[in-house]
2 protein chains.
Amino acid sequence: MTATVTEAAGTLELGTDGQNLLFREARTANTFADEPVSDDQVRAIYDLVKYAPTSANQQPLRIVLVRSPEARQRLVRHMSEGNRAKTESAPLVAILAADLNFHEKLPKVFPHKPGMKDAFADPAAREASARFNGALQVGYFIIGVRAAGLAAGPMTGFDAAGINAEFFGDGSCAVLAVVNIGKPGENAWLGRLPRLDYEEVVTSL
Amino acid sequence: MTATVTEAAGTLELGTDGQNLLFREARTANTFADEPVSDDQVRAIYDLVKYAPTSANQQPLRIVLVRSPEARQRLVRHMSEGNRAKTESAPLVAILAADLNFHEKLPKVFPHKPGMKDAFADPAAREASARFNGALQVGYFIIGVRAAGLAAGPMTGFDAAGINAEFFGDGSCAVLAVVNIGKPGENAWLGRLPRLDYEEVVTSL
């Protein structure tokens, strides 16, 4: 069930415990224990991962914590069938979305170049940037959930247009992922799937 | 220069050293020390971050290490003017790209569902999935560079079509980011830019 520490783990500066917590032993959970995830825990995750970089510090990620049973039902009906039961039962579900108007906050987060907002005037280019940098931040967020000692169950199997209409009816945001969060439950995961070899991924010129 | 450990750092399971190494003290470097980055270090980074999740385990990220002076010059001319000097002088530069034909490897990496490859038959939907999951993996890679005790200088200021034609002339891959990697040099960074407040990013329903 658990990846063993092999390979070049000793070459890294991050300790083995951290490596295991974030990558080697961490797994996508499909079932969760019946233990709540508090707003304080989400705040601790955000206050860690907010420091990771985005293009021009644009930080387009927006997070909707789906806590009430009514909001949960509104979400579940847009999930793919195979994702419905776990989305229904996870202690916490977060909708991770890209703010398509992130540029409005650039005067605050990129104050030394007041003209940067205008560099994102074109909606299509702005959406591409929001989606790329939002996805970077989804990656950071998943690592942050694990840093909090919790398991993430990220999902992309859903009707994106349906979720956007349901939760972002003004067109302000585009959903990127929906993530179940909690302590892993019984039989939370299957065997680990194969990873690509270094030689299949990395080339040198 | 350095973010102090404040906020809810103690709520997290990842130790303070790990939090600082990966997020709080880590910074985007603009200058680098004259110390090489070895293939073994890149392998150690990959062998850590390869475990982080992607949709249907698709792992679309491809990495081109730009090592030879000739390849470096081919890259530099497609970078934005403000990124050229650091791309020229960084100990290692990596082109991070999404494999637009990642589905061909699904029978290997998602073996329990042989039909999954066909779910990505549509090129437009496949490209969107490659770009989203590739960006997730760019995020994981940046964290991995930091886990190796190195600084990353990720850049998105470049002529993407130019890089794609230059390095992926067969249309197989789409560049997502170019990342300078090394030990930070003198005056490697400016003051940290503001991050969005929790209340600007997270809402609860």
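Just to be sure before I move on: is B:Glu166 modelled with pLDDT of 95 or more, touching a helix residue (DSSP H, G or I) at 6+ places or on another chain (Cβ under 7 Å) and of a type in the set (D, E, K, R) in the structure I sent?
When the stated conditions are applied, B:Glu166 passes them.
Which numbered condition trips up B:Pro107, out of (1) of a type outside the set (Phe, Trp, Tyr); (2) within 13 Å of chain A (Cβ to nearest Cβ); (3) under 25 Å from B:Asn180 (Cα atoms)?
(3)
A quick yes/no check of all residues on (1) over 23 Å from B:Gly134 (Cα atoms); (2) touching a strand residue (DSSP E or B) at 6+ places or on another chain (Cβ under 7 Å); (3) surrounded by fewer than 17 Cβ atoms within 10 Å (Cβ to Cβ):
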residue	(1), (2), (3)
B:Ala56	no, no, no
B:Gln59	no, no, no
B:Arg62	no, yes, no
B:Val66	no, yes, no
B:Gly82	yes, no, yes
B:Leu92	no, yes, no
B:Lys117	no, no, yes
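Evaluate the range A:52-65: report whether one residue or more is of a type in the set (Ser, Thr, Tyr) and without any contact (Cβ under 8 Å) to a residue 24 or more places away in the chain. Break it down into steps so the answer makes sense when it comes.
Kept after step one, since they are of a type in the set (Ser, Thr, Tyr), are these residues of the range A:52-65: A:54-55.
Filter once more, keeping what is without any contact (Cβ under 8 Å) to a residue 24 or more places away in the chain: none.
So far as the range A:52-65 goes, no, none of its residues is of a type in the set (Ser, Thr, Tyr) and without any contact (Cβ under 8 Å) to a residue 24 or more places away in the chain.
Return a yes/no flag: does the range B:79-102 have any residue that is under 21 Å from A:Leu22 (Cα atoms) and of a type in the set (Phe, Trp, Tyr). Steps first, answer last, please.
The initial filter retains those residues of the range B:79-102 that are under 21 Å from A:Leu22 (Cα atoms), namely none.
Within the range B:79-102 (the criterion being under 21 Å from A:Leu22 (Cα atoms) and of a type in the set (Phe, Trp, Tyr)), the answer is no, since none of the residues qualifies.
Could you tell me whether A:Arg74 is modelled with pLDDT of 95 or more, within 9 Å of another protein chain (Cβ to nearest Cβ), farther than 28 Å from A:Arg195 by Cα and touching a Cys at 6+ places or on another chain (Cβ under 7 Å)?
It is false that A:Arg74 is modelled with pLDDT of 95 or more, within 9 Å of another protein chain (Cβ to nearest Cβ), farther than 28 Å from A:Arg195 by Cα and touching a Cys at 6+ places or on another chain (Cβ under 7 Å).
If A:Lys117 satisfies all but one of (1) touching a Leu at 6+ places or on another chain (Cβ under 6 Å); (2) touching a residue at least 40 places away in the same chain (Cβ under 8 Å), what's the number of the condition it fails?
The single condition A:Lys117 does not satisfy is (2).
So which residues in the range B:146-159 are within 20 Å of B:Ala85 (Cβ to Cβ) and of a type outside the set (Ser, Thr, Tyr)?
First pass over the range B:146-159, keeping only residues within 20 Å of B:Ala85 (Cβ to Cβ): B:150-159.
B:Leu150, B:Ala151, B:Ala152, B:Gly153, B:Pro154, B:Met155, B:Gly157, B:Phe158, B:Asp159 - these are the residues of the range B:146-159 that are within 20 Å of B:Ala85 (Cβ to Cβ) and of a type outside the set (Ser, Thr, Tyr).
Given (1) out of contact with any Cys (no Cβ under 7 Å at 6 or more places or on another chain); (2) under 23 Å from B:Phe168 (Cβ atoms); (3) not aliphatic (A, V, I, L, M), where does B:Arg62 come up short, assuming only one miss?
Going through (1) out of contact with any Cys (no Cβ under 7 Å at 6 or more places or on another chain); (2) under 23 Å from B:Phe168 (Cβ atoms); (3) not aliphatic (A, V, I, L, M) one by one, B:Arg62 breaks only (1).
Restricting attention to the range A:22-60, report how many residues are part of a loop (DSSP other than H, G, I, E, B), at the interface with chain B (Cβ under 7 Å from one of its Cβ atoms) and under 26 Å from B:Gly82 (Cβ atoms).
Qualifying residue count, the range A:22-60: 5.
State yes or no: is A:Ala90 more than 23 Å from B:Gly144 (Cα to Cα), more than 10 Å from chain B (Cβ to nearest Cβ) and either out of contact with any Cys (no Cβ under 6 Å at 6 or more places or on another chain) or of a type in the set (Ser, Thr, Tyr) (or both)?
yes
I need a count of the residues in the range A:68-84 that are part of a helix (DSSP H, G or I) and farther than 13 Å from A:Phe158 by Cα.
Of the residues in the range A:68-84, 5 are part of a helix (DSSP H, G or I) and farther than 13 Å from A:Phe158 by Cα.
Answer yes if at least one residue in the range B:136-152 is at pLDDT 95 or above, in contact with a Ser or Thr (Cβ under 7 Å, 6 or more places away or on another chain) and in a helix (DSSP H, G or I), and no otherwise.
yes
Those residues that are under 25 Å from B:Ser89 (Cβ atoms), not in a loop (DSSP other than H, G, I, E, B) and not aliphatic (A, V, I, L, M), I need them from the range B:162-200; list them, please.
Keep residues of the range B:162-200 that are under 25 Å from B:Ser89 (Cβ atoms), which gives B:162-168, B:175-193.
Those still in the list that are not in a loop (DSSP other than H, G, I, E, B) too: B:162-167, B:175-182, B:184.
Scanning the range B:162-200 gives B:Gly162, B:Asn164, B:Glu166, B:Phe167, B:Asn180, B:Gly182, B:Pro184.
Test A:Leu190 against the criterion of being within 30 Å of A:Asn101 (Cβ to Cβ) and either modelled with pLDDT under 95 or within 13 Å of the chain's Cα centre (by Cα) (or both), and give yes or no. Lay out the reasoning, then the answer.
Numbers: within 30 Å of A:Asn101 (Cβ to Cβ): no; either modelled with pLDDT under 95 or within 13 Å of the chain's Cα centre (by Cα) (or both): yes.
Criteria not met by A:Leu190.
The values are calculated or read from the model by the stated rules, or taken from the named source; none is laboratory data. Just so it is clear, the model here is predicted, and its values are computed rather than measured. Quick reminder, even Gly has a Cβ in these numbers, built from the backbone with ideal geometry, and neighbours come from all protein chains shown.
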